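The values are calculated or read from the model by the stated rules, or taken from the named source; none is laboratory data. Source: prediction; values computed, not measured. Cβ atoms come from the backbone with ideal geometry, glycine included; neighbour counts cover every protein chain shown.
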Amino acid sequence: MPEKKPKTARRVFTLILAYIIFCLAGGAVASGFLLPAVFGANTVANSLTEQLKAEDVNFDLADLPQQSRMYARDGKTVLATFYEQNRIIVPLKNISDMMQKAVVAREDHRFWDHTGIDPQGIARAFVQTYVKKGDTQGGSTLTQQYVKNMLIDQALESDDPIGAYHAQEETIARKLREMLISVELEKKYSKAEILQGYLNIAQFGKSVYGVETAAQHYFSKSAKDLNLVESATIAAITKNPAMYDPTVNPKEAEKQRNITLDLMSEWGFVPKKQTDAAKKIPLAQTLKVKDVAVGCQAAGNAAYFCDYALHQIESSTEFGKTLDDRKKLLKEGGLNIYTTLDVNAQNSAWNAVRNNLPENDPSGYENILAAIKPGTGEVLALAQNRTYDVNGAPGTTRTSMNYAVDRKDGGGDGFQVGSTWKPINMAAWLSTGRSLNEPLVTSTAYSYSSIPGAGGYSNVWEVQNSGGGTVSPETPLQGLNQSHNTTQGAMAQQIGLQKIAETAKALGYHNANGNDITKRTIWNPSMVIGTEQSSPLTMANVYATIAGNGVECTPIALTKVTSSSGKEYKVPSANCHQAISKEVAQTTAYAMNLNVTQGIAKDAQLSGGRKTFAKTGTSEQNALATSGFVPQVAAFVIITNAESSGTPLQGTINGVYRSTWYGADIALPTWKEFMENYLSSAKIPADNNYGNPASTLNSGAAATTDTSGSTSSGSTSGTTSGSTSGSTSGSTGTTQKQTTGTSSGATSGTTNKQR
């Protein structure tokens, strides 16, 4: 950094001459022929002349760096703030009259009378500094201080630290430059506009810029509501933002506040009797400090949703060509970011994941939930039993890894979802025009050659239902409601894996790593029992498509983004479209409702007779899942060891010991608690008209099963009766085994247990 030049007698004399010229000019900018005369007495004239040009300076307040705010869907609840300089721009009419008087009294009591420079102030500063040898005073007007702050800020905005240094260094050149611009500024703008600009740019404490932010920070109120004592406190800070901050140095802050109060009465802004009374009030009694924390880490239980919304902004070129541009806009652009987050849903999700599996549970397992509003793509809530922390370390419960979303959105590679995949198979089956009640011959061993799209013709997929065995014949409806994997294999034989993959994509499915499931040439048959890696949000979206009459939407977190100047940015679209027919969606929903009323997901039934649609799943004991919906909300829950994928869930979880865990054990209660509390708190009425099957998809003969496990041909009209040999109430799925040869996604000799 360049050394500051000493204030020599010649420089002081030159400064006085310059002041006199400005005074004689009546506040107007000295003409070109006068300046050389002044600087002729100064040996540095040539080096200074170029710096003294009154170049155009942008005084548009909207261009000042100011904080961006993220709101919940109600448009009022602030989830998080982002800033480089913590500033909220407000018009002068929204700043109290007392605050305006306080800052003028403290900084420049002749502000309303001078024309940008103040000869009396200059003379007083000169006498104080050089005659009385007191503290150095510059005699700057409030207008000059505004100019100085704008020059510093614009230099920093242009990534010009040298320019920022020169904008505040103690030199004649800098002082005269400010004076030149100040006089021109007062020609262009009214006094009120200049005062408004100063109050919005000035620093009022560490990371506190502008009077609105100061009012909210120190007194938890808007600048328009500041009283005499509060105004004097804030006005005093800008003289020395670090030293006079009342939260840092309350004793000195109170002293400076009282000085401001004295000045207010001395210059006739407020009666002395009133300021004397104000001085007797202890500063501590007036403060109501509210910290404005920065970023998603301060978003409380909405932190993971905040992180997801942030990724949507940072990945969209609508907010800047490069990632750096987008981050800069977020921290400086004064954005108002309106999101889809429902406060009731988020609170319910946060409580549900922790009530059913506390963050500090010795098992260390994650409980993760994602919820979507069907037919809109709007993400209502994201939660996991973890504390959001960008500095979190592996092996702790503090992390910024958002396990509920895809890798590109701040998540990981997803999880196997087990039997919660099976409604996808059902939708694929129905999309081909097949019936819910078509009897199928099932097996515990399917050759790859018998399943279109499987490849690996020498391979055999060995698969069993929970507890072993098979049921043959069995309908797709019975296979879903008893969660039989053998039936999924029989369905795949009939319609092929490509059709199932295409239906999954149509419903909104993709792998968490971004891979398109339809781009393969062959598929692993175990796909039909949930071995693909998905994010919870993606699975919630699949169920939202079924819940929304077959309308699939891309999940979105943003509804509107505007700048402080009113510019509206284009936000990512949900691209809602008819993905599967209404008949297929409603019939699939019908089958899922029977899974609740007559199948193994009976514990998912919601209160009040509300029609409920749900499916549980267990993935090789590595993950426990439940997904379901009512027409207004779809949600997916998974319990897993996210940091050690593939590790079996076993032993004691949340104080309960079990040798074998299923999706109905922890995931289902989490899902149900969320749904019950959200629907109740949001006052969402029951809609029991959904889930009516299409007659053409709900016909045909079916096999019923008696309690002993033997089968008999008959018509069930879409119902499931009895229990099935090898099935376990409350459990889902089967075991599956890969034998001989290899195939895409499978390895010879591997054994997986998918339930």
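The table below lists the values:
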item: Whichever residue in the range 356-378 is of a type in the set (S, T, N, Q) and buried (at least 24 other Cβ atoms within 10 Å of the Cβ) and, among such residues, is farthest from Ala540 (Cα to Cα); result: Asn356
item: Residue identified as surrounded by fewer than 20 Cβ atoms within 10 Å (Cβ to Cβ), at pLDDT 95 or above and either part of a loop (DSSP other than H, G, I, E, B) or among the polar types (S, T, N, Q) (or both) among Asn575, Asn593; result: Asn575
item: Residue check for Ser207: surrounded by fewer than 24 Cβ atoms within 10 Å (Cβ to Cβ), under 21 Å from Glu252 (Cβ atoms), modelled with pLDDT under 80 and hydroxyl-bearing (Ser, Thr, Tyr); result: yes
item: Residue satisfying all of: in the range 656-681; touching a residue at least 24 places away in the same chain (Cβ under 8 Å) and not in a helix (DSSP H, G or I); surrounded by the most Cβ atoms within 10 Å (Cβ to Cβ) among these; result: Gly663
item: In the range 82-127, residue modelled with the lowest pLDDT [restricted to those that are β-branched (Val, Ile, Thr), outside any loop (DSSP other than H, G, I, E, B) and more than 22 Å from Pro241 (Cα to Cα)]; result: Val127
item: Residues satisfying the stated conditions in the range 306-325, i.e. exposed (fewer than 13 other Cβ atoms within 10 Å of the Cβ) and among the hydrophobic types (A, V, I, L, M, F, W, C); result: Leu323
item: Criterion violated by Val596 - all others in (1) farther than 24 Å from Trp429 by Cα; (2) free of Cβ contacts under 8 Å to residues at least 60 places away in the same chain satisfied; result: (1)
item: Single residue of the range 267-305 satisfying the filter (closer than 25 Å to Arg110 by Cα and in contact (Cβ under 8 Å) with a residue 60 or more places away in the chain) that is surrounded by the fewest Cβ atoms within 10 Å (Cβ to Cβ); result: Trp267
item: Checking Asn688 against (1) over 20 Å from Ile600 (Cβ atoms); (2) in contact with a Leu (Cβ under 8 Å, 6 or more places away or on another chain); (3) not small (Gly, Ala, Ser), the condition it does not meet; result: (2)
item: Residue list for the range 189-204, filter: of a type in the set (Asp, Glu) and either closer than 20 Å to Val294 by Cβ or crowded, with 24+ Cβ neighbours inside 10 Å (or both); result: none
item: Meets criteria (closer than 23 Å to Leu195 by Cβ, free of Cβ contacts under 8 Å to residues at least 24 places away in the same chain and under 37 Å from the mean Cα position of the chain (by Cα)) for Asn240; result: yes
item: Residue in the range 300-316 that is assigned to a helix (DSSP H, G or I), farther than 30 Å from Ala404 by Cα and hydrophobic (A, V, I, L, M, F, W, C) present; result: no
item: Among residues of the range 547-572, those that are under 24 Å from Thr626 (Cα atoms), part of a loop (DSSP other than H, G, I, E, B) and either in contact with a Leu (Cβ under 9 Å, 6 or more places away or on another chain) or among the acidic types (Asp, Glu) (or both), counted; result: 3
item: Scan of the range 349-398 for residues that are among the aromatic types (Phe, Trp, Tyr) and assigned to a helix (DSSP H, G or I), ordered by number; result: Trp350
item: Those helices (runs of 4 or more DSSP H) lying entirely in the range 194-276 with at least 2 residues within 19 Å of Asn86 (Cβ to Cβ) and aromatic (Phe, Trp, Tyr); result: 211-219
item: Condition check for Lys221: of a type outside the set (Gly, Ala, Ser) and either touching a Leu at 6+ places or on another chain (Cβ under 8 Å) or surrounded by fewer than 15 Cβ atoms within 10 Å (Cβ to Cβ) (or both); result: no
item: Tabulated pairs, the range 338-350, first at negative phi and surrounded by 24 or more Cβ atoms within 10 Å (Cβ to Cβ), second in a helix (DSSP H, G or I) and small (Gly, Ala, Ser), C-beta under 7 angstrom, 6+ apart or interchain; result: Thr339/Ala309; Leu341/Ala302; Gln346/Ala302; Ser348/Ser681
item: Test: residue in the range 539-546 that is assigned to a helix (DSSP H, G or I), closer than 26 Å to Pro374 by Cα and free of Cβ contacts under 8 Å to residues at least 60 places away in the same chain; result: no
item: Which numbered condition Val471 fails, given (1) under 26 Å from Glu620 (Cα atoms); (2) outside any loop (DSSP other than H, G, I, E, B); result: (2)
